[in-house]
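The values are calculated or read from the model by the stated rules, or taken from the named source; none is laboratory data. Here the structure is a predicted model, which is why all the values come from computation and not from measurement. With ideal geometry, Cβ positions are generated from the backbone for all residues, glycine too; neighbour counts draw on all protein chains shown.
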Amino acid sequence: MLQDDISDIRTRITCTLIEFLESVNVDKPTNGAVIYRGQSRSGNLLPSIARHMPNWNSTRIEQQMISKLREVGAPHISAKESDWEVLVKAQHYGLKTRLLDWTSNPLAALWFACNSVLSHNRAYTYVYMLDTRNLDMQPDLALGPWDQEKTRVYRPVRNNPRIIAQNGYFTVHQFSDAYGRFLSLDHSPEVGANVTEFKVPRECVRAIMASLSYLGIGAASLYPDLQGVCNAINQQFLYDLDLE
């Protein structure tokens, strides 16, 4: 039976960049990937299409949404682009999809986690590490993203400046007929044991952000466009106001 807590995943509290790097120090993967995600809330590792209604099988509606996007967004989408490529583009521009963003760069994930807590009054922010080296999570690209047997890890084509800058990966979630819902990765019987949660206390965020900035990790480097520049300026001038 599916558990309602996340006690089956490992949890660590980290308050400095050095502690975090020591905790994520893993051998370079030769089979599968080790990927990371930063977010302001604990758990609920679900994509946007399923986050608030995990019991709803959205597959048919998602396919219709992508068809509509191809139709009305034709000036921005090539007819030669696969459903995989269009789904990544849709995710990038805010369409609700079954993709959940990850990165192979733990420092990028830590920045996203710390940056996200600036606009929330929460005691902790979170980084998740998913080690897929002993899991069968490679997608069958001959099939569409809606036709995978189970949740997969997808490394998109490096044709987008943000994906390149962020070392982007995605988990591609599938509706589970057995459980009657989309399974959050931290609850998944198959995946949960390979997920590690890092809790970063709010009072440690300022020092970690300063360390990341010293290493060149920040809005301007992770968002290589004008939005990234503006975000970096916001942080430079309004950081103290946002944090308090």
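Quick notes on this structure:
- Restricting attention to region 177-215 and to residues that are without any contact (Cβ under 8 Å) to a residue 24 or more places away in the chain and hydroxyl-bearing (Ser, Thr, Tyr), the residue that is nearest to Trp56 (Cα to Cα) turns out to be Ser213.
- Hits in region 177-199 (condition: of a type in the set (Phe, Trp, Tyr) and surrounded by fewer than 22 Cβ atoms within 10 Å (Cβ to Cβ)): Tyr179
- The lone exception for Arg37 - which of (1) free of Cβ contacts under 8 Å to residues at least 40 places away in the same chain; (2) within 30 Å of Phe20 (Cβ to Cβ); (3) among the basic types (Lys, Arg); (4) in contact with a helix residue (DSSP H, G or I) (Cβ under 8 Å, 6 or more places away or on another chain) it fails: (1)
- For region 170-205, the candidate set comprises residues that are aliphatic (A, V, I, L, M) and not in a loop (DSSP other than H, G, I, E, B); within that set, the residue that is nearest to Ser42 (Cα to Cα) is Val200.
- Identity of the residue in region 42-56, surrounded by fewer than 17 Cβ atoms within 10 Å (Cβ to Cβ) and touching a strand residue (DSSP E or B) at 6+ places or on another chain (Cβ under 7 Å), that ends up nearest to Gly192 (Cα to Cα): Ser42
- Some residue of region 87-100 being of a type in the set (Gly, Ala, Ser) and closer than 13 Å to Phe182 by Cβ: no
- Residue list for region 25-49, restricted to those being at pLDDT 90 or above, outside any strand (DSSP E or B) and not hydroxyl-bearing (Ser, Thr, Tyr): Arg41, Gly43, Asn44, Leu45, Leu46, Pro47, Ile49
- Among (1) among the hydroxyl-bearing types (Ser, Thr, Tyr); (2) modelled with pLDDT of 95 or more; (3) over 21 Å from the mean Cα position of the chain (by Cα), the one test that Tyr214 misses: (2)
- Scanning region 155-169 for residues that are surrounded by fewer than 16 Cβ atoms within 10 Å (Cβ to Cβ), in contact with a Leu (Cβ under 9 Å, 6 or more places away or on another chain) and farther than 18 Å from Pro47 by Cβ yields a total of 0.
- Among the residues of region 88-134, those that are among the hydrophobic types (A, V, I, L, M, F, W, C) and in contact with a His (Cβ under 9 Å, 6 or more places away or on another chain) comprise Leu99, Leu100.
- Condition met for Gly228 (of a type outside the set (Lys, Arg), in a helix (DSSP H, G or I) and modelled with pLDDT under 95): yes
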